[in-house]
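S.K.: Please read through the structure below; I'll follow up with questions.
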Amino acid sequence: MNLLIKNGRVIDPSQNIDDTLDVLVENGLVKEIGKKLAAPSGAEVVDAAGKYVVPGLIDMHVHLRDPGLEYKEDIISGTKAAVAGGFTAICCMPNTKPVIDNKTVASYIINKAKAEGFCNVFPVGSITYGLSGDRMSEMGELKESGCVAVSDDGKPVHNSELMMRALQYAAGIGIMVISHAEELELVGEGAMNEGFTSTELGLKGIPRVAEDIATARETMLAEYTGTPIHIAHVSTKGAVRIIREAKARGVKVTCETAPHYFTLTDDAVRGYNTNAKMNPPLREADDVAAIKAGLKDGTIDAIATDHAPHHQDEKDVEFNVAMNGIIGLETSLPLSLGLVTEGILTINQLIEKMSCVPSNILGLHRGSLTVGSVADITLIDPACEWVVEADKLASKSKNSPWLGKKMTGGAAATIVNGKVVYRIE
């Protein structure tokens, strides 16, 4: 099927393109970009006037819960939520049941996504078998089976020697290590960020330094070994400072943050709102300011959702025992567009952080509209207004702190491998 996208503002930071242009897609690939292109016979024509036409958004941190926890989310519902949010590719974390620590589970995810999914799915294998933290997985096998990175996300790799060996081995085979930076002894039974709000609510707090210490260890290991590392879900001003300083020394470290860390503070927990409970926890206003500063100066390389669906029964309980995590695939784009409205990022910089850079970090060969590339394309309507309503969300789970809130901006259409898989009529 051929497709001509006309009259859109084409933004492709990988080629320094920002102009009103047409994009011609043939046989699933970008065929031509230019002005006033003619539609081939039989081609579908999409009028993108007033829209941004960008390389397909990529979410490098998603929990699909499939296999084993499909009552929360599965590959079908998760990828449907992804394309509704403008994502053409997502990377799914390994804390499934069973864990993605072998070829069989990785192959299951890849094959099911190809057969039934709405977007590209790239699995992330585990660093250690069963996320146990005590025995390194067969990373070579995981890479050969299609995993694009390894991580024990949800848990830190506590053993520093094992983490160092994992970095060295992963670098040798060319696969990225993604760190969940958390010092568990400092977390203890904490349920939210340690501070004024936690004291007022009578909830045990998690100090910022639990993230900072672990982040410092990871950057030091990367510096010592000379190998790359990626830090997931950065949430503290200390972690931003540590990563900024490490980058200045030439350490091969990249990192991501999530929309909730630059839009919400721990005040969202008031009323014991379990939809504001996550890990890392929501922090304070100075942390939010530091996250924005890190995005602006390039310390923070990417924006990911950390989409973490949970069933209502796992959230509709006492705050201390509620599961950590929120969904984010369908709200990430409008929340991130807020950074452009605030003047923190330009739209070009935002597309870099949500498409080009995630692709480059993980070697996905996406994130570009170069001629001959796979036609993964997102059409963004920056002005549309909509309300987050549980019954209209594609995700199986509805654990969002933005339920009932008005959003500005979103995906007008999502094109995967040259096919329109989502469109607002």
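S.K.: Simple spin-label model, 7 Å along Cα-to-Cβ: LYS392 to TYR71 in nm?
M.R.: Once both label points are built, they end up 2.9 nm from each other.
S.K.: Dipole magnitude of the chain about its Cα centre, charges +1 at Lys/Arg Cβ and -1 at Asp/Glu Cβ only, in debye to the nearest 20?
M.R.: That gives a dipole near 740 debye.
S.K.: Can you give the alpha-carbon Rg of the range 232-348 over 2.2 N^0.38 Å, where N counts its residues?
M.R.: With N residues counted in the range 232-348, Rg over 2.2 N^0.38 Å equals 1.10.
S.K.: Is any residue of the range 261-284 close enough, with backbone N under 20 Å, to a label point placed 7 angstrom from the Cα of THR199 along the Cα-Cβ axis, and if so, which?
M.R.: Taking a point 7 Å out along Cα→Cβ of THR199, the residues of the range 261-284 whose backbone N falls under 20 Å are 265-272, 281-284.
S.K.: Suppose each label sits 7 Å from its Cα in the direction of the beta carbon; what would the ASN27-SER107 distance come out to in nanometres?
M.R.: Between ASN27 and SER107, the simple spin-label model gives 3.0 nm.
S.K.: Counting just the Cα atoms, what span does the chain cover along each of its three principal axes? Round to the nearest Å and put the largest first.
M.R.: 64, 47, 43
S.K.: Right, something else. Within the chain, what percent of beta bridges assigned by DSSP are antiparallel, to the nearest 5?
M.R.: Approximately 50 percent, going by the DSSP bridge assignments.
S.K.: Less than 26 Å apart at the alpha-carbon level, and either on another chain or at least 8 residues along: which lysines does that give for LYS114?
M.R.: Output for LYS114: LYS31, LYS72, LYS80, LYS97, LYS103, LYS143, LYS353, LYS392, LYS396, LYS398, LYS419.
S.K.: At 0.36 nm per residue, minus the direct Cα-Cα distance, what do ASP18 and SER132 gain on full extension? Give it in nm, one decimal, please.
M.R.: Fully extending the segment from ASP18 to SER132 adds 36.4 nm.
S.K.: Also, I was wondering about something else. So how tilted is helix 285-297 from the main axis of the chain? Cα-based, degrees 0 to 90, rounded to 10.
M.R.: The angle comes out near 50 degrees.
S.K.: Now a separate question. When the convex hull of the C-alpha atoms of the range 153-274 is computed, what volume per residue in Å³ does it have?
M.R.: That works out to 102 Å³ per residue.
S.K.: Hey, rough spin-label estimate for ASP267 and ALA293, points 7 angstrom out along Cα→Cβ, what's it come to in nanometres?
M.R.: Here the modelled spin labels are 2.0 nm apart.
S.K.: Under the Karplus relation 6.51 cos²θ - 1.76 cosθ + 1.60, θ = phi - 60°, what is the ordered set of whole-Hz ³J(HN,Hα) values for the range 129-134, x standing for Gly and Pro?
M.R.: Residue by residue, the range 129-134 yields 4, x, 6, 6, x, 10 Hz.
S.K.: If you don't mind, there's one more thing I want to ask. List the aspartates and glutamates whose alpha-carbon lies under 18 Å from that of LYS296, not counting same-chain residues fewer than 8 positions away?
M.R.: Partners found: GLU245, GLU256, ASP286, ASP287, GLU342, GLU352.
S.K.: Among LYS31, LYS277, which comes first, second and so on when ranked by fewest other beta-carbon atoms within 10 Å?
M.R.: Ordered from fewest to most neighbouring Cβ atoms within 10 Å, LYS31, LYS277 come out as LYS31, LYS277.
S.K.: Next up: With just the Cα atoms defining each centre, how far is the range 188-240 from the range 1-46? Give it in Å.
M.R.: Going from one Cα centre to the other spans 44 Å.
S.K.: Could you please rank ILE415, ILE424, ILE344, placing first whichever residue has the fewest other Cβ atoms within 10 Å of its Cβ?
M.R.: Going from sparsest to densest Cβ surroundings: ILE424, ILE344, ILE415.
S.K.: Arrange LEU333, LEU339 by Cβ neighbour counts within 10 Å, fewest through most, would you?
M.R.: Listed from fewest to most nearby Cβ atoms, that is LEU339, LEU333.
Every read-out reported here was derived from the displayed coordinates using simple, explicitly stated rules and does not represent laboratory data. On a predicted model such as this, the values are computed, not experimentally measured, just so you know. Heads up, the Cβs are rebuilt from the backbone with ideal geometry, glycines too, and the neighbour counts pull from every protein chain shown.
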